[in-house]
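K.L.:
Please see the structure below; I have some questions.
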Amino acid sequence: MNRNIELPGVTSFFWKQSRRKTFDKWPFNESNKCNADCMAAAGFYVIGNNDEPDLVACFICNKQLDGWEPNDDPWNEHVKHNPTCPFVKLNKQDEKAWTVGELYDLYKKYTIKEYMEEINKDITILKDAVEQLKSELSVNKISQQKNKKSTD
Ligand SMILES: [Zn+2]
């Protein structure tokens, strides 16, 4: 088995350090259970904007959670909301504790998730294009019908 895998870059949300950086406007502090460090360790990074500052997603399963309370335990919430997440199943928040095999498996899942996101974006773009075409076609049909009538 080829183990010469190219690891995700340092800015990738695959790494806790990069996820941690997204919590710069996190509305909870160190004394709260759902503090930035525990959130990042539990696999989350912030995807919310100013309207939704506490919206986060998991770097592996993409589960999105918001409405955090100070006493919410990020890892318990992750387990509760998606027990089938490969990162939850691995049950090792500390990435330094991962074996090479575990790192490899997780990276595969992460890559698949990234591809799926790209594909879903493309699907949305395609759907929009189809809708646009449909409306253009119906406009053409109407104008053709109008033309027909005027020539009859
Ligand atoms: Zn997850």
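The values are calculated or read from the model by the stated rules, or taken from the named source; none is laboratory data. Source: prediction; values computed, not measured. Glycine also receives a Cβ, built like all others from the backbone with ideal geometry; neighbour counts cover every protein chain displayed.
K.L.:
Condition first: closer than 18 Å to Asp73 by Cα, touching a Pro at 6+ places or on another chain (Cβ under 9 Å) and buried (at least 17 other Cβ atoms within 10 Å of the Cβ). Can you find one or more residues in the stretch 17-25 that meet it?
P.N.:
no
K.L.:
Scan the stretch 112-128 residue by residue and report those that are within 16 Å of the ligand (Cβ to nearest atom) and farther than 22 Å from Val46 by Cβ.
P.N.:
The answer is Ile112, and nothing else.
K.L.:
Within the stretch 56-71, can you find the residues that are among the aromatic types (Phe, Trp, Tyr) and touching a Cys at 6+ places or on another chain (Cβ under 6 Å)?
P.N.:
Within the stretch 56-71, just Trp68 meets the criteria.
K.L.:
Considering only the stretch 101-112, I want to know if a residue exists there that is modelled with pLDDT of 95 or more, under 19 Å from Phe13 (Cα atoms) and assigned to a loop (DSSP other than H, G, I, E, B).
P.N.:
No.
K.L.:
Then there is this: Would you mention how many residues in the stretch 112-129 are within 12 Å of the chain's Cα centre (by Cα) and among the hydroxyl-bearing types (Ser, Thr, Tyr)?
P.N.:
Residues meeting the conditions: 1.
K.L.:
If only one of Lys80, Lys89, Lys63 is within 15 Å of the ligand (Cβ to nearest atom), among the basic types (Lys, Arg) and closer than 18 Å to Thr22 by Cα, which one is it?
P.N.:
Residue meeting the stated conditions: Lys63.
K.L.:
Continuing with this model, one more query. Against the definition (under 30 Å from Ser12 (Cβ atoms) and of a type outside the set (Phe, Trp, Tyr)), how does Glu131 come out, yes or no?
P.N.:
For Glu131, the condition - under 30 Å from Ser12 (Cβ atoms) and of a type outside the set (Phe, Trp, Tyr) - is not met.
K.L.:
Next question, about the same structure. What tally of residues in the stretch 16-47 results from selecting those that are at negative phi, within 16 Å of the ligand (Cβ to nearest atom) and part of a loop (DSSP other than H, G, I, E, B)?
P.N.:
Going through the stretch 16-47 one residue at a time, the tally reaches 4.
K.L.:
Would you pick out the residues in the stretch 48-89 that are assigned to a helix (DSSP H, G or I), surrounded by fewer than 16 Cβ atoms within 10 Å (Cβ to Cβ) and not charged (D, E, K, R)?
P.N.:
Asn76, Val79, His81
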